[in-house]
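Presented below is the structure to which this report refers.
The values are calculated or read from the model by the stated rules, or taken from the named source; none is laboratory data. From a predicted model like this one, the values you see are computed outputs, not experimental measurements. Positions of Cβ are backbone-derived with ideal geometry, glycine not excepted, and every protein chain shown enters the neighbour counts. These area figures cover heavy atoms from the full protein model, side chains too; ligands, DNA and RNA do not enter into them. Shrake-Rupley method; radii C 1.70, N 1.55, O 1.52, S 1.80 Å.
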Amino acid sequence: MLLFKLIRILIEYVRLYPTLLIVLTLLKPVTQGLSLPVVVLIETIILVPLTQLVSFPLAGWVIERLSRKK
């Protein structure tokens, strides 16, 4: 059980990194002149729902596929 949790966390980080890169690249022209706290707030408002809707279900799917192969 603990191994599956560790694998899931690792997969979450791997899935999150491309999402972060895409969102930060797309938001750069919009957030370029803003202060750092405002940039962080805007990126968080956009990244959290994307992560919840995309990365978490995909990680669950990968974990399910890995557990079936064993």
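Checking each residue of segment 46-64 against the condition of being open to solvent by less than 60 Å² (accessible area, probe 1.4 Å) and touching a Phe, Trp or Tyr at 6+ places or on another chain (Cβ under 7 Å) gives at least one match.
Once segment 19-43 is narrowed to residues that are within 25 Å of Trp61 (Cα to Cα) and surrounded by 11 or more Cβ atoms within 10 Å (Cβ to Cβ), the residue that is modelled with the lowest pLDDT is Thr19. Of all residues in segment 20-70, those that are under 16 Å from Leu10 (Cα atoms) and over 14 Å from the mean Cα position of the chain (by Cα) total 7.
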